[in-house]
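For reference, the structure discussed in these notes is given below.
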Amino acid sequence: MSTEVTGLLGAFLLVLIVVELVDTIKAYFKENKIHVEIVILLAIIAVARKVLLLDPGLMSPYEFGFEMMSIGVIILGLTAGYYLVKKAGITAGPDGIRRSE
């Protein structure tokens, strides 16, 4: 039962990632600029999906602990990057990286 719920949640997050990625690509072709905060949010969702699908029974406790600490550092970095990008309002386009108005 637990693996079914985990698989369902993993599939839902994968669909969410694909929908957001398609939305980002459409926005790029429409506005000709990349919304960096959406790309960082996609990375955070992908890491969250990895954590949910991680099976600790397939590795030693040391490996599992090291992987969880590594994922924690990645999440902290992505969160800090998202905060800074959102605060600055940065987007990337054909003219380079600039602040959105």
*Please indicate, with yes or no, whether at least one residue in region 52-59 is over 21 Å from ILE75 (Cα atoms), in a loop (DSSP other than H, G, I, E, B) and either open to solvent by 60 Å² or more (accessible area, probe 1.4 Å) or of a type outside the set (S, T, N, Q) (or both).*
yes
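Yes/no per residue for (1) among the hydrophobic types (A, V, I, L, M, F, W, C); (2) touching a Ser or Thr at 6+ places or on another chain (Cβ under 9 Å); (3) within 24 Å of GLU67 (Cβ to Cβ):
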| residue | (1), (2), (3) |
| --- | --- |
| VAL5 | yes, no, yes |
| GLY10 | no, no, yes |
| LEU14 | yes, no, yes |
| LYS26 | no, no, no |
| LYS30 | no, no, no |
| ILE34 | yes, yes, no |
| ILE45 | yes, no, yes |
| VAL51 | yes, no, yes |
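Yes or no, residue by residue, for (1) exposed (fewer than 13 other Cβ atoms within 10 Å of the Cβ); (2) hydrophobic (A, V, I, L, M, F, W, C); (3) not in a loop (DSSP other than H, G, I, E, B):
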position	(1), (2), (3)
PHE12	yes, yes, yes
VAL18	yes, yes, yes
VAL39	no, yes, yes
ALA43	no, yes, yes
ARG49	no, no, yes
GLU63	yes, no, yes
MET69	yes, yes, yes
GLY72	yes, no, yes
_Of all residues in region 1-27 being out of contact with any His (no Cβ under 8 Å at 6 or more places or on another chain) and among the hydroxyl-bearing types (Ser, Thr, Tyr), the one that is modelled with the lowest pLDDT_ = SER2
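The values are calculated or read from the model by the stated rules, or taken from the named source; none is laboratory data. The structure presented is a predicted model; accordingly, all values stated were derived computationally and were not measured. Glycine gets a Cβ as well: all are built from the backbone with ideal geometry, and neighbour counts include every protein chain shown. The area values use the complete protein model at the heavy-atom level, side chains included, leaving out ligands, DNA and RNA. Shrake-Rupley method; radii C 1.70, N 1.55, O 1.52, S 1.80 Å.
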